[in-house]
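Remarks on the structure that follows.
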Amino acid sequence: MRMKGYMETGEEIMRAAPSEEPARQYYFMEKLKPWFLKACAAQGRTLTYNIQTFGCQMNAKDSEKLSGILREIGYEEAATEEADFVLYNTCTVRENANTRVYGRIGYLGRLKRSRSPHMKIALCGCMMQEAHVVAKLQKSYPFVDLIFGTHNIYQLAELLFRQIYYGHMVVEIREEADAVVEELPSERKFSFKAGVNIMYGCNNFCSYCIVPYVRGRERSRRPEDILREMEEMAKSGVTEVMLLGQNVNSYGKTLKTPVSFAELLKLAEEVEGIRRIRFMTPHPKDLSDELIGVMAESKKICRHVHLPVQSGSSRILKLMNRHYTKEDYLALVARIRAAMPDVALTTDIIVGYPGETEEDFMETMDLVSRVRYVSAFTFLYSKRTGTPAAAIKDQVPEETAKERYDRLVGRIREISGEMAQADTGKTAEVLVEEVNAKRHGYVTGRLANNLLVHFPGDESLLGRYVDVSLTECMGFYYIGSQKG
Ligand code: 5AD
Ligand code: SF4
């Protein structure tokens, strides 16, 4: 079949595609360009795309890559889902995210039917790695054009080409990643701060968590690739990087020449132009003293550790397959604080894990009071099909879990308010991230400890480091004023 705008047929184009990556993807981007120009001519304007990202930093980073590919083809970004190419990058860590996605796909379908039959609807991310989700989409949402998984992100151009060529839904879900594909285009959300993947996947199999099933086994990027990316970012104006991995502590273990995460951080510090280095997420079971030492000595690594505890009950932690006890965790916190008294600690906590009793929950309340987090993400346990915890009979009644959740959130608020209060009146360096949409004449930035500060200013401050006096503490954030 000959495709509109091509001398060659679709088969010829596919047959001639290079097999190596990323050359193959650049080839398809080039091949899509004539089609794109024709499609623009038919609409009388440049076609637009919109990506809706759900879930974590990994997905945010993947969306930047997807965005880079679409821009390379020629698409312009649209602010809303009323675009010509709409892509949902989904999350499946908790059930409520899934429910939201189905509702919104229905809305997109109506949009496509009523207004823009040429519209392309694509779905990717963690939900797509679940066979039952894909089966439901194929059956009930036939208007979707593209479905691909977490290991196929880099193939967007090729998949879009196939969809256009065949004219029906293309589904491409890989069970496991083959290699880490480097050097694809990427479109950053901020010009001055960026995420850098250092590894993909997770081998921990915490009993409640679906991530290891949808993101596959751990794979580390080579240090030279990570550093090259950081250097290029720095050259283009990035000053703050966030190193990303499901458990950064296991970084580098499977490389041909193994490198520890602490060693990688030391190398990252050498990159000229980078002023702040953050990382997410270290697992409490194997956070090394070497890492604490490197952080303590560093001028660039932010003194903020996000250290997900999940529960304060050693009994529940064992059931969760976390490989540490409450005492181990508290001892780790003490080691971190001894090396860095000014460190900010944040965490993730799950309430209502199957079998959690009132005593277990009180252990969590006790831990929170002892650690004194600057902030914490709290989640109601969500049953994920396929995980070991989902098979446990003894699920906590929803009412009980919610009541505990409210108590926990109340206590965390109290503590984080007190923690933030202690810094009120001090002056600290803020990286300005955006113009405040709600408060006219204000900008918003982040302290090294990750807390937000709003203070009077305009867009000329974006991406700049400013000394700000933290005049008023509002619990999770400050109102400030620029010094000098
Ligand atoms: N239910 C509730 N919270 C979960 N998380 C992961 N899986 C679940 C689940 N099944 C939370 C954990 C993790 C964070 C990213 O999401 O706290 O650290
Ligand atoms: Fe999930 Fe545990 Fe892996 Fe984190 S470490 S992604 S909670 S399995």
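The values are calculated or read from the model by the stated rules, or taken from the named source; none is laboratory data. Note that the structure is a prediction, hence the values are computed from the model and not measured. Glycine also receives a Cβ, built like all others from the backbone with ideal geometry; neighbour counts cover every protein chain displayed.
Within segment 234-246, the set of residues being modelled with pLDDT of 95 or more and within 20 Å of His304 (Cβ to Cβ) comprises Val238, Thr239, Glu240, Val241, Met242, Leu243, Leu244, Gly245. Quick one: is Val435 β-branched (Val, Ile, Thr), buried (at least 19 other Cβ atoms within 10 Å of the Cβ), at pLDDT 90 or above and under 26 Å from the mean Cα position of the chain (by Cα)? Against the criterion (β-branched (Val, Ile, Thr), buried (at least 19 other Cβ atoms within 10 Å of the Cβ), at pLDDT 90 or above and under 26 Å from the mean Cα position of the chain (by Cα)), Val435 does not qualify. Only residues that are buried (at least 22 other Cβ atoms within 10 Å of the Cβ) and either within 16 Å of ligand 1 (Cβ to nearest atom) or of a type in the set (Gly, Ala, Ser) (or both) were counted in segment 63-82, giving 2.
Restrict the check to segment 203-221 and report whether at least one residue is closer than 24 Å to Arg275 by Cα, of a type in the set (Lys, Arg), in contact with a Leu (Cβ under 8 Å, 6 or more places away or on another chain) and crowded, with 17+ Cβ neighbours inside 10 Å. Checked segment 203-221: no residue is closer than 24 Å to Arg275 by Cα, of a type in the set (Lys, Arg), in contact with a Leu (Cβ under 8 Å, 6 or more places away or on another chain) and crowded, with 17+ Cβ neighbours inside 10 Å. Restricting Val333, Val309 to those that are over 24 Å from the mean Cα position of the chain (by Cα), at pLDDT 95 or above and of a type in the set (A, V, I, L, M) reduces the list to Val333.
Considering segment 282-316, and only residues there that are buried (at least 19 other Cβ atoms within 10 Å of the Cβ) and among the polar types (S, T, N, Q), the residue that is nearest to ligand 2 (Cβ to nearest atom) turns out to be Gln310.
Scanning segment 163-200 for residues that are under 28 Å from Trp35 (Cβ atoms) and touching an Asp or Glu at 6+ places or on another chain (Cβ under 8 Å) returns Gln163, Met169, Val170, Val181, Glu182, Pro185, Ser186, Glu187, Arg188, Lys189.
Scanning segment 118-158 for residues that are buried (at least 20 other Cβ atoms within 10 Å of the Cβ) and of a type in the set (Lys, Arg) yields a count of 1. When segment 337-394 is filtered for residues that are away from ligand 2 (no atom under 15 Å from the Cβ), touching a Phe, Trp or Tyr at 6+ places or on another chain (Cβ under 9 Å) and of a type in the set (Gly, Ala, Ser), the ones remaining, listed by number, are Ala344, Gly352, Ser375. Residues being surrounded by fewer than 17 Cβ atoms within 10 Å (Cβ to Cβ), within 16 Å of ligand 1 (Cβ to nearest atom) and of a type in the set (Lys, Arg) are entirely absent from segment 101-115. Among the residues of segment 248-257, those identified as in a loop (DSSP other than H, G, I, E, B) and at pLDDT 95 or above are Tyr251, Gly252.
Here segment 187-202 is the region considered, the condition is being small (Gly, Ala, Ser) and buried (at least 19 other Cβ atoms within 10 Å of the Cβ), and the residue that is nearest to Glu459 (Cα to Cα) is Ala194.
On inspection, Gln246 does not qualify as buried (at least 21 other Cβ atoms within 10 Å of the Cβ), within 13 Å of ligand 2 (Cβ to nearest atom) and at positive phi. Among the helices (runs of 4 or more DSSP H) confined to segment 309-421, there are none with at least 3 residues that are aromatic (Phe, Trp, Tyr), at positive phi and away from ligand 1 (no atom under 16 Å from the Cβ).
Where residues in segment 197-216 are within 19 Å of Ile350 (Cα to Cα) and more than 6 Å from ligand 2 (Cβ to nearest atom), which of them is nearest to the chain's Cα centre (by Cα)? Across segment 197-216, the extreme among qualifying residues is Ile210. The condition of being within 21 Å of Ser369 (Cα to Cα), charged (D, E, K, R) and at pLDDT 95 or above holds for only one of Lys266, Lys300, Lys318, Lys326, that being Lys326.
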